[in-house]
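This report concerns only the one structure given below.
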Amino acid sequence: IERTFSIVKPDAVERNLIGAIYQRIESAGLKIIAAKMVHLSEDKAKGFYAEHEGKPFYDDLVAFMTSGPVMVQVLEGENAIARYRELMGKTNPEEAACGTLRADYAQSMRLNSVHGSDSPVSAAREIAYFFAEDEIC
Ligand code: ATP
Ligand code: MG
């Protein structure tokens with residue numbers, strides 16, 4: 001059993017898509033074992049995306065992620081990291097497979113509606129960045 005970290009990004013919260021995205025996560029057999037709404041500060045967003053610091057899209061990414069509230073959640077299931085990445089689809093919605101969250105909801109490469117951890121090391125870091133162990137059921 002594996003855990004991964006997920007964000008419903010500001011573009012999706014703003015369009016009232018929290019419920020639709022949670023429905024798709026649960027229908028895929030992933031269990032939501034912690035969740036909360038947060039409005040990221042600039043420092044919190046910069047720390048979260050530290051691996052991308054210096055890349056051309058970094059400043060716009062931080063501005064976008066702090067532009068409104070997000071939902072952050074921990075998902076649990078067999079092979080949860082890979083299965084949730086598959087459910088999200090590719091970063092660029094034009095390349096995302098039909099039926100994925102990004103194909104259906106993302107508006108652009110930046111406004112791409114969801115985040116998911118890309119490895120066990122990232123998942124552990126990202127979960128701990130937002131949740132204390134006693135907040136996870
Ligand atoms: P995420 O980490 O959000 O799950 P990802 O792993 O598919 O997405 P990353 O390469 O980690 O993609 O990039 C992090 C985020 O930065 C992307 O989800 C997207 O919002 C933004 N981003 C990445 N590349 C670009 C780009 N070329 N132009 C604009 N935004 C980008
Ligand atoms: Mg990533």
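For the reader, a short list of remarks on this structure follows.
- Qualifying residue in the range 11-34 (condition: among the polar types (S, T, N, Q) and touching a residue at least 40 places away in the same chain (Cβ under 8 Å)): no
This table checks each residue for (1) loosely packed, with under 13 Cβ neighbours inside 10 Å; (2) not small (G, A, S).
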{"site": "A20", "(1), (2)": "no, no"}
{"site": "Q23", "(1), (2)": "yes, yes"}
{"site": "A28", "(1), (2)": "no, no"}
{"site": "A34", "(1), (2)": "no, no"}
{"site": "L40", "(1), (2)": "no, yes"}
{"site": "A45", "(1), (2)": "no, no"}
{"site": "E51", "(1), (2)": "yes, yes"}
{"site": "Y58", "(1), (2)": "no, yes"}
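- Single residue of the range 86-106 satisfying the filter (within 16 Å of ligand 2 (Cβ to nearest atom), surrounded by fewer than 16 Cβ atoms within 10 Å (Cβ to Cβ) and among the charged types (D, E, K, R)) that is modelled with the highest pLDDT: E86
- Scanning the range 38-65 for residues that are in contact with a Pro (Cβ under 8 Å, 6 or more places away or on another chain) and either away from ligand 2 (no atom under 15 Å from the Cβ) or over 23 Å from A20 (Cβ atoms) (or both) yields a total of 2.
- Inter-residue pairs, beta-carbon under 8 Å, first among the charged types (D, E, K, R) and in the range 121-137, second not in a helix (DSSP H, G or I), 6+ apart: E126/F5; E126/S117; E135/A34; E135/K36
- Residue check, I25 touching an Asp or Glu at 6+ places or on another chain (Cβ under 7 Å) and of a type in the set (V, I, T): no
- First in the range 47-62 and hydroxyl-bearing (S, T, Y), second anywhere and assigned to a loop (DSSP other than H, G, I, E, B), Cβ under 8 Å, 6 or more apart: Y58/Y49
- Only listed residue being modelled with pLDDT of 95 or more, of a type outside the set (D, E) and in contact with a strand residue (DSSP E or B) (Cβ under 8 Å, 6 or more places away or on another chain), chosen from M71, M109: M71
- Output for the range 112-125, where each listed residue is near ligand 1 (Cβ under 9 Å from one of its atoms) and either of a type in the set (A, V, I, L, M, F, W, C) or not in a loop (DSSP other than H, G, I, E, B) (or both): V114, H115, G116, S122
- The range 83-111 - residue that is more than 10 Å from ligand 1 (Cβ to nearest atom) and of a type in the set (A, V, I, L, M) and, of those, nearest to F5 (Cα to Cα): L87
The values are calculated or read from the model by the stated rules, or taken from the named source; none is laboratory data. Source: prediction; values computed, not measured. Positions of Cβ are backbone-derived with ideal geometry, glycine not excepted, and every protein chain shown enters the neighbour counts.
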